[in-house]
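Working notes for the structure below.
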């Protein structure tokens, strides 16, 4: 978790920047902008806020000291948290890093007393949609409106006794990841 390893913050910021500039996020326009809109630059510059204890955190996938995947857990409303900006570098995908990151943040959300975790995702990101469903996330109401493209919303109801997320069966095939202690 970033809260336990703050030296990785610059790498996390760069991954969030890569995520925001993904071409499919800008498909409704003529591709990604040359520079990020101020809204995103401000979000990246403010990290780790709002994804920091006592209401959130940032999970990272790290191999050989290099951060190659991340996601943010931020407080949402009432007793809910939102998982945002799940991103794994393309060359590192298919190794279970996304699953481990989501599971780690669900565990953190449970420990912090959140009652649910909400995620939004573009339907075109079928790998992410499949991952969320496999971890027990179910379709839910829209938590915000996007004018430019369709978004799916999922929610996982949490219980300290029954978190439905599971780590990959063959953990020996995945690199070491930062997990909550």
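Nothing in this text is a laboratory measurement; each read-out follows from the coordinates by a stated rule. On a predicted model such as this, the values are computed, not experimentally measured, just so you know. When we count neighbours, we look across all protein chains shown, and the Cβ atoms used for this are built from the backbone with ideal geometry, even at glycine.
Results, tabulated for the structure shown:
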| read-out | value |
| --- | --- |
| Amide N proximity, segment 72-104 versus residue 151 label position 7 Å along Cα-to-Cβ, cut-off under 16 Å | 72-77, 81-87 |
| Packing-based order for 60-67, 80-87, using average beta carbon neighbours within 10 Å, highest first | 80-87, 60-67 |
| Relative contact order computed over segment 37-132 (Cα-Cα under 8 Å; 6+ residues apart), in percent | 23 percent |
| Gyration tensor (alpha-carbon) shape descriptor, segment 45-166, a/c threshold 1.5 | rounded |
| Nearest-0.05 FRET efficiency for residue 140 and residue 24, computed from C-beta distance (R0 30 Å) | 0.85 |
| Inter-probe distance in nm under a simple model that places probes 7 Å from Cα toward Cβ, at residue 159 and residue 111 | 2.2 nm |
